[in-house]
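The values are calculated or read from the model by the stated rules, or taken from the named source; none is laboratory data. Just so it is clear, the model here is predicted, and its values are computed rather than measured. Cβ: placed from backbone, ideal geometry, glycine included. Neighbour counts: every protein chain shown.
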Amino acid sequence: MSFFSIMSKVLNLSLIYASFRAATPIIYAALCASVTQQANILNIGTEGIMLIGAFTAVTVSYFTGSWILGVLCAMLAGVVIALIMAVGHIKFGADICGIGMGINMLALAITKFLLKAIYDVNGAFSSPQIKVIPKVSIPFLDNVPVIGTLLNNWSLTEWFAIILIIVLQFFIFKTVWGLRLRAVGQFPEAAKTAGIKVNAVKYRAMAISGLIGGLAGAHLSLGYSSQFIENMTSSRGFMGVAAMYFGGANPVKASIGCLLFGFADSIGARLQAYGLPSQFVLMMPYIVTIVVLAISMAAQLRSAKRRQSSLN
Amino acid sequence: MSEYVVEMKDIIKTFGQVQAVKNGQFNLRKGEIHSLIGENGAGKSTMMKLLYGMYPINSGEIIIKGERMGEITPMMAIERGIGMVHQEFMLVSELTVLENIILGFEPRKGLRLDLDKARADVRKYIEEYQMDVQLDKRISQISVGEAQRVEIIKTLMRGADVIILDEPTAVLTPQEAERLFEILENLKSSGKSIVFISHKLNEVMQISDRISVMRQGQYMGTVNKSETSPLDLTKRMIGREVFLNIEKDYGKVGEKILDVQDVWVSSNKETSKIRGMSLSVRAGEIVGVAGIDGNGQSELVEAITGLRKVEKGKVIVCGKDVTNKSVKVIRGAGMAHIPEDRNRMGLDRAMSIRDNLVTVRVDEAPFSKHGILQLSAQDAYSEQMVKEFDIRPTDYHLPTSSLSGGNAQKVVVAREVSMKKQLLIASQPTRGVDIGAIEQIRNTLEKAKKEGSGVLLVSAELEEIISLSDRIIVIHEGKITGEMMASEANENNLGLLMMGGAKGGAEHA
């Protein structure tokens, strides 16, 4: 088969949705990290918050038969974890990266333990009793070419991801809350003298980040798939943090970075069918992460230099 | 209601074991400019930060407009009409001027920030007090003088009628300072009360109605401007008279210690910031470099001391070509360096006075042997330095971050001068330090010269350059515009050269 015929099979319309679909869990993670980053808190615990959210969502959905309760409880769990981090960091002055990594390890261990304790399984848990997040199907679109392929049968949380990006963008850059958040992140002393309660702003940012992180996990286990697998986040939280850096904590720009990950992910999966060794496919997301981070760090260094020279 | 808008009585404030304010007294009348003066570390900024609620007081009484205050937070101070312009600007550099001004009490329209209303509100103040600022520029894009006006507008927008300015002129050019004084006069005539913290007596004498003096945390009295003089204020500030004009002794000048030959250097943002500079320093002389800040002084010093790349030309120290050599090699050739910014380059603020004193020689005997620190030798040396240079507090185990500006600078000076190198580069050695320390640091430089060192002195204070130097070099936009003996220099002919004028300017003076 020629290169072009492979390419024409790989690069088709459904690749666009596949990329977006693969990107959504990372988009949620990136939004989770962006909110705290605006307050100058590096939420490296995104991965752990997500994993705990994913587990909570599956468990609550399994036992109650309600995906809504599953999602809500996942978000609640996310807030609890995020606030634990916030208290350690803000009140007791612990290093946020240390706490974040601690949370990540805890999440990995506790979900593994609970998987065994509750379901008596190792590795993965799936069941028809798990109610998943519904897909939005628009019947008349079935017959519309292009648009039908592109937009029909998205999961509810995939649509919500787009809404959330726009809402966060608006809140961070156009509202009082956002202005204060950015001021606190960039120069807390200035915010304090302006009469802003700096710590309250930080706690709030962490809580919102927890909500989004929990939702990210719920989407992963109930929307993106319909099961819980040990370490099922497989570094999507870290990729979200990388995308956050790429976008400078700007929700829209960070999400564009996530699409890059999603694209790399889904194109790799397709190429595998044509003989690309699976090891390369598995490597793909991490290689893209490194490339994206390298580019964004270089850009940041340049802008830091520019800022420095304008102060002199 | 009493005649005062603010009264502070018997204030005591301690930080850890340091007593910053021991007996603080202050009051402010409506519509006056009241200066609060004292040496660095005298407690004047602390007093005003207490009033603004930045820290709680240990004991004492604060009365704002007749209301006896318990605990004060910045928000409570703002609500009662107190505004403060801090020494370090409290502006977020990546936000716009407008966003900074409204931060903390933003007008809203529904969910959104109402920037149109904010703009209209700010315009009123800009027009009323003629404080031109560019509302849509980011803070990182505007000048220091403009940033200060932004700070003043911020306080006015919050309804302040008591405005505290903490050493506002320290960062300004003389022209910008004049501009600030006009604004302060405007504010005063519209009924605002102003607290002006400073240690520059000429400015205080220019704009104050009343002056309060503090020394080492103690209140030293309040005087009307018309009833005092700079000499009287100086005595109150430091408890004795000082003579800043050191007796000059034109000693014998020896061989060339530093030879800078046609040096070209780039700065962070401009290529060729320094364009072909040549100068030399001989043993036993002080050569002063005068110029308006930012005309290449910092780059020149950095090029000589190995901190910045020399694009073209040569730097020779004690006969050795050290162009673009490492700092260690240049120091080894006989250079010592008092850097312009003690906090960024001169000290490790987290480390102790002792560690900072020995840091450049820690690999030499007697401070270490075979790579092992000799702490008793370091202690003995620190003991001696603390005594000789009158560094306070005398406990050399304290971190340098706990020192006042003047004492921190003494640590740097002690370290660099005590090595008795042939070449001493002193960059802004007395910037931001109090009068007592200024006098002592100047005497130290003079002593180094008498003992045969060559000193290159860079300073923004013309008076310092004139009174210390033997020979003066004036630079403007990276070039030397003139050179003269200190005996023929005065503020006029130097000033002309600093503006880039021809050497002929000297004859007009």
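Just one of (1) modelled with pLDDT of 90 or more; (2) among the aliphatic types (A, V, I, L, M); (3) within 27 Å of A:Lys174 (Cβ to Cβ) fails for B:Ile152. It is (3). The number of residues in the range B:421-444 being of a type outside the set (D, E, K, R) and in contact with a strand residue (DSSP E or B) (Cβ under 6 Å, 6 or more places away or on another chain) comes to 7. Among the strands (runs of 3 or more DSSP E) confined to the range B:12-118, the ones with at least 1 residues that are more than 14 Å from chain A (Cβ to nearest Cβ) and either among the acidic types (Asp, Glu) or surrounded by 18 or more Cβ atoms within 10 Å (Cβ to Cβ) (or both) are located at B:18-29, B:33-37, B:59-64, B:67-69. Just one of (1) touching a Pro at 6+ places or on another chain (Cβ under 7 Å); (2) without any contact (Cβ under 8 Å) to a residue 12 or more places away in the chain; (3) closer than 17 Å to A:Tyr17 by Cβ fails for A:Gly148. It is (1).
Only residues that are under 12 Å from A:Ser209 (Cβ atoms) and among the hydrophobic types (A, V, I, L, M, F, W, C) were counted across the range A:71-95, and they come to 7. Residues that are away from every other protein chain (no Cβ under 14 Å), of a type in the set (D, E, K, R) and in contact (Cβ under 8 Å) with a residue 60 or more places away in the chain within the range B:129-170 comprise B:Asp161, B:Glu167, listed in sequence order. Checked against (1) farther than 19 Å from A:Ala183 by Cα; (2) touching a residue at least 40 places away in the same chain (Cβ under 8 Å); (3) of a type outside the set (Gly, Ala, Ser), A:Leu42 meets all criteria but (1).
Checking the condition over 26 Å from A:Gln169 (Cβ atoms) and either within 14 Å of another protein chain (Cβ to nearest Cβ) or free of Cβ contacts under 8 Å to residues at least 12 places away in the same chain (or both), which residue from A:Met283, A:Met232 passes?
Working: A:Met232 fails: either within 14 Å of another protein chain (Cβ to nearest Cβ) or free of Cβ contacts under 8 Å to residues at least 12 places away in the same chain (or both).
Going through A:Met283, A:Met232 in turn, just one is over 26 Å from A:Gln169 (Cβ atoms) and either within 14 Å of another protein chain (Cβ to nearest Cβ) or free of Cβ contacts under 8 Å to residues at least 12 places away in the same chain (or both): A:Met283.
Look at (1) surrounded by fewer than 17 Cβ atoms within 10 Å (Cβ to Cβ); (2) over 26 Å from B:Ala408 (Cβ atoms); (3) not charged (D, E, K, R) and you find that B:Thr323 fails only one, number (1).
In this structure, is A:Ser209 closer than 16 Å to A:Gly45 by Cα and either touching a residue at least 40 places away in the same chain (Cβ under 8 Å) or away from chain B (no Cβ under 14 Å) (or both)? Quick ask: steps written out before the conclusion?
Working: closer than 16 Å to A:Gly45 by Cα: yes; either touching a residue at least 40 places away in the same chain (Cβ under 8 Å) or away from chain B (no Cβ under 14 Å) (or both): yes.
Yes; evaluated as a whole, the condition is true for this residue.
Among residues of the range B:174-190 that are in a helix (DSSP H, G or I), those with a Cβ under 6 angstrom from a residue that is hydroxyl-bearing (Ser, Thr, Tyr), sequence gap 6+ or separate chain, pair up as B:Ala177/B:Thr169; B:Ile183/B:Tyr129; B:Asn186/B:Tyr129.
With the requirement that a residue be among the hydrophobic types (A, V, I, L, M, F, W, C), closer than 25 Å to B:Ser45 by Cα and outside any helix (DSSP H, G or I), what does the range B:383-409 give you?
First, pick out the residues of the range B:383-409 that are among the hydrophobic types (A, V, I, L, M, F, W, C): B:385-386, B:389, B:391, B:398, B:403, B:408.
Remaining after also requiring closer than 25 Å to B:Ser45 by Cα: B:391, B:398, B:403, B:408.
Scanning the range B:383-409 gives B:Ile391, B:Leu398, B:Leu403.
Quick one: in the range B:103-114, which of the residues that are under 36 Å from the mean Cα position of the chain (by Cα) and modelled with pLDDT of 90 or more is farthest from B:Ile139 (Cα to Cα)? In this case the residue turns out to be B:Glu106. With respect to being surrounded by 14 or more Cβ atoms within 10 Å (Cβ to Cβ), closer than 26 Å to A:Gln227 by Cα and not acidic (Asp, Glu), A:Lys112 fits the description.
Residues that are in contact (Cβ under 8 Å) with a residue 24 or more places away in the chain, touching a helix residue (DSSP H, G or I) at 6+ places or on another chain (Cβ under 6 Å), over 25 Å from A:Leu42 (Cα atoms) and in a helix (DSSP H, G or I) do occur in the range A:243-263, at least one of them. Suppose the filter is touching a residue at least 24 places away in the same chain (Cβ under 8 Å), more than 8 Å from every other protein chain (Cβ to nearest Cβ) and more than 18 Å from B:Asp166 (Cβ to Cβ); does B:Tyr125 pass it? So B:Tyr125 passes the test.
Here is the figure for the range B:420-464: residues that are surrounded by fewer than 18 Cβ atoms within 10 Å (Cβ to Cβ) and part of a strand (DSSP E or B) total 0.
Mind checking which residues of the range B:405-419 are closer than 18 Å to B:Phe15 by Cβ and buried (at least 22 other Cβ atoms within 10 Å of the Cβ)? Once the filter is applied, which keeps residues that are closer than 18 Å to B:Phe15 by Cβ and buried (at least 22 other Cβ atoms within 10 Å of the Cβ), the range B:405-419 yields B:Gly406, B:Asn407, B:Ala408. Scanning the range A:162-173 for residues that are more than 9 Å from chain B (Cβ to nearest Cβ) and crowded, with 17+ Cβ neighbours inside 10 Å gives A:Leu164, A:Ile165, A:Leu168, A:Gln169, A:Ile172. The set of residues from the range A:174-206 being hydroxyl-bearing (Ser, Thr, Tyr) and more than 11 Å from chain B (Cβ to nearest Cβ) comprises just one member, A:Tyr203.
All conditions in (1) within 14 Å of chain A (Cβ to nearest Cβ); (2) buried (at least 22 other Cβ atoms within 10 Å of the Cβ); (3) not in a helix (DSSP H, G or I) hold for B:Val195, with the sole exception of (1). Scanning the range B:119-161 for residues that are among the basic types (Lys, Arg) and surrounded by 14 or more Cβ atoms within 10 Å (Cβ to Cβ) yields B:Arg119, B:Lys137, B:Arg138, B:Arg149, B:Lys154, B:Arg158.
Quick grid of which residues meet (1) within 20 Å of B:Leu113 (Cα to Cα); (2) in a helix (DSSP H, G or I):
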residue: A:Pro128; (1), (2): no, no
residue: A:Phe140; (1), (2): no, yes
residue: A:Leu164; (1), (2): yes, yes
residue: A:Val167; (1), (2): yes, yes
residue: A:Ala183; (1), (2): yes, yes
residue: A:Tyr203; (1), (2): no, yes
residue: A:Met206; (1), (2): no, yes
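Quick one: is A:Ile118 under 20 Å from A:Leu69 (Cβ atoms), in a helix (DSSP H, G or I) and among the aliphatic types (A, V, I, L, M)? I'd like the intermediate steps shown before the answer.
Values: under 20 Å from A:Leu69 (Cβ atoms): yes; in a helix (DSSP H, G or I): yes; among the aliphatic types (A, V, I, L, M): yes.
Answer is yes for this residue.
Does any residue of the range B:44-57 turn out to be at pLDDT below 90, hydrophobic (A, V, I, L, M, F, W, C) and under 23 Å from B:Ser189 (Cα atoms)? No: zero hits. When B:Cys318 is tested against (1) surrounded by 15 or more Cβ atoms within 10 Å (Cβ to Cβ); (2) in the same structural domain as B:Lys449 (by TED's automatic domain parsing); (3) without any contact (Cβ under 8 Å) to a residue 12 or more places away in the chain, only condition (3) is not met.
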